[in-house]
Every structure is written in structure tokens, then in C-alpha cells.
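The values are calculated or read from the model by the stated rules, or taken from the named source; none is laboratory data. Owing to the predicted nature of the structure, the values given are computational and were not obtained by experimental measurement. Every residue, glycine as well, gets a Cβ built from its backbone with ideal geometry; the counts of neighbours run over all protein chains shown. Quick note on the areas: whole protein, heavy atoms, side chains included, nothing else; ligands and nucleic acids left out. Shrake-Rupley method; radii C 1.70, N 1.55, O 1.52, S 1.80 Å.
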Amino acid sequence: MGALNLQVTIDQDSGFCFGVVYAIDMAEEILAEDGYLYCLGDIVHNDEEVERLKAKGLRIISHEDLQTLHHEKVLIRAHGEAPETYRTALENDITLIDASCPVVLKLQHRIKTSHDANEKIVIFGKHGHAEVIGLEGQTNGEALVFQDIAELDNANLPERFTLYSQTTKSTAKFYQIKEELINRGYNVKANDTICRQVSNRDKDLHKFAVNFDKILFVSGKKSSNGKVLFEVCKKFNPNTYFISSTDELDFSIFQSGDRVGIAGATSTPMWLMQEFKAELEKH
Ligand code: SF4
């Protein structure tokens with residue numbers, strides 16, 4: 001224990017969700033056999049974990065790179081992909097190692113079925129997010145995506161539409177949006193498609209957050225659920241700090257004997273939270 005004598009506890013419900021565990025396990029198995037593996041986009045929105053896997057031979061490629069790649073294995077991460085990617089793989093004799101999360105695949109399927117039934121699809125999701133691109137792909141790009149209700153003010157919305165959500169959005173926001181759209185007079189068939197791995201943490205995290213003087217919320221900056229879960233912690237404990245790597249630690253925020261809670265996103269590895277704990281306990 002260091003001079004600050006910090007009492008550090010890691011939230012045992014934080015860390016990788018099963019979708020991320022599945023993708024990383026699959027990648028590590030192939031890396032152990034082949035020594036390298038291509039992965040379409042960052043395998044997880046956590047730079048530290050990506051670096052760990054790159055050191056084992058993971059090669060991150062873009063969709064552009066995929067066009068010129070042939071006869072190789074390529075991993076599809078948990079976020080899933082649009083049909084276009086599967087077509088390119090077939091044309092280029094690429095073996096896809098499909099680690100799309102089953103929850104995302106199910107959502108893709110639901111959106112495709114709605115689209116095939118001529119429903120107008122509206123998706124609450126982040127523009128340009130890999131999962132959202134995969135979802136839009138199920139509708140030939142015809143779905144309307146918005147990340148903020150204000151974007152719908154001037155949108156040409158039909159009177160009746162089907163609303164879906166990216167799996168990692170905030171449940172509370174989704175229901176607020178649903179109510180707002182109904183109040184605006186639309187006929188909304190709303191589907192709460194938020195992953196329970198996220199919404200359940202949303203519920204439990206505040207019980208964890210209130211027990212500590214300070215909360216370090218460990219997450220990559222690109223993680224959508226990281227942003228949502230950080231806001232939950234911050235709401236229940238104003239002394240919550242968003243942090244991605246141990247280099248960013250500022251010890252001046254702590255007082256001697258502080259009880260510090262460490263929590264993270266579904267893309268935050270447990271080893272990284274343990275590194276934070278060790279670092280805090282050294283000071
Ligand atoms: S958050 Fe849910 S949907 Fe996303 S990868 Fe994890 S388990 Fe799958």
C-alpha cells in the first residue's frame with residue numbers, strides 16, 4: 001500500500017461482455033495456430049487490448065484494404081458487418097471468421113425482416129459506428145439513422161415507422177425518444193433492442209458507484225457503451241473520472257484513505273482495470 005493509502009475495489013460486473021469475449025477467444029485461437037490474423041476494424045474499442053492482440057499477430061485492416069486482399073482469413077468482430085462485406089469476401093476468396101455477436105445478428109435479422117415487409121426503418125444509433133453501418137446495410141442504406149432527437153426536427157419522417165436502437169445505447173434515452181415521437185403524433189412501432197449486457201449494467205452500476213469517494217471509469221474513447229455507463233456513474237457519483245490508460249492518472253485528485261471504485265465498459269479488459277488498481281495502490 002502506498003502513501004495515499006487508497007482503498008481500491010474493481011466492479012466485478014464490469015469488463016468484457018460475452019460478445020467481446022467470444023470474438024477475442026476466436027482471434028486468439030487462430031493467432032496461436034497461424035501466427036497472424038486479419039481483423040476488419042479494431043477488434044474492440046479499447047486501444048490497450050488492441051495493442052496486446054497486435055503484438056500476437058493481429059492485423060487490423062479497413063474496408064478499403066479488404067477490397068485488395070485475397071485468399072486470407074479475416075475476422076469479423078462483434079459489431080457485425082453489412083451484406084456488402086460478405087459479398088466482397090466471396091469475390092476475393094476470403095475466409096471470414098465470423099465473430100459477430102449473436103445479439104447483433106438477431107437485430108440485423110429483425111431489421112431485414114421489417115425492411116422486407118416494407119416498413120420504414122428508423123434507427124437510434126451513432127452515425128458511422130460499425131454496428132450501425134451493419135444495420136443500415138440490412139435495408140440497402142434506406143434506414144434513417146439519428147443519434148439526437150433534434151436531427152429528426154427537419155427530417156422527412158413518414159407518419160408510421162418502425163424504431164430500432166443500436167445495442168449499446170442508453171435505455172432511458174431510448175424510451176424518452178419513443179415518448180417524444182409518439183407525442184409528436186407519429187405512429188411508432190418501437191423495438192427496444194438494447195443489449196441486456198448494457199442495460200443491466202446500467203441498472204446495477206449506480207449501486208456500485210455510490211459506495212466510493214472517487215470512481216475511475218476505464219474505457220476507450222470510441223466505446224459507445226463506455227459513454228453511456230460513464231454517464232450513469234457520474235450521475236450517481238459526481239466524483240467520477242473517465243480514463244483510458246494508466247498514463248493519464250492524476251494523483252492530485254485523491255485524498256489519503258480515499259475509497260476508489262474502478263468500473264469499465266463492455267469493451268474494457270479486466271487486466272487493464274487490475275493494472276489501474278495496482279498503480280493506485282503503489283501511490
Ligand atoms: S454489448 Fe451486447 S450486443 Fe454488444 S457485443 Fe456485447 S453482448 Fe453483444
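Here are the numbers:
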item	result
Stokes-Einstein D in µm²/s, Kirkwood radius over Cα pairs - the chain at 4 °C with 1.567 mPa s viscosity	64 µm²/s
Signed unit charges on C-beta, dipole axis of segment 1-115, positive-most listed residue T68, A99, Q7	A99
Assigned charges on the beta-carbon of Lys, Arg, Asp, Glu; segment 142-283 dipole about Cα centre (debye)	400 debye
Beta bridge orientation in segment 78-203: antiparallel %, DSSP, nearest 5	0 percent
Gap separating the Cα centres of segment 46-81 and segment 108-148, nearest whole Å	24 Å
Accessible surface of the chain, 1.4 Å probe, proportion on carbon and sulfur as whole %	49 percent
Electrostatic dipole magnitude of the chain [Cβ: Lys, Arg +1; Asp, Glu -1; Cα centre; debye, to 20]	980 debye
Solvent-accessible surface ranking, highest first, for D148, D11 at 1.4 angstrom	D148, D11
Cα gyration tensor category, rounded, prolate or oblate, for segment 1-153 with a/c compared to 1.5	oblate
Accessible surface, per residue, of the chain when the full set of protein chains is kept, probe 1.4 Å, Å²	47 Å²
Distance in nm between pseudo-label sites at V21 and K234 (7 Å out along the Cβ direction from Cα)	2.9 nm
CD proxy at 222 nm, helix term only [per DSSP H run n ≥ 4: -39500 (n - 2.57); per residue of the chain; nearest 500]	-12500 deg cm²/dmol
Cα-only Debye scattering, segment 123-209: base-10 log of I(q)/I(0) at q = 0.17, 0.26 Å⁻¹	-0.73, -1.42
Inter-part distance where segment 251-283 and segment 169-220 are each reduced to a Cα centre, Å	25 Å
Under 18 Å from the Q255 label point (7 Å along Cα→beta-carbon), backbone N, segment 1-20	3-8
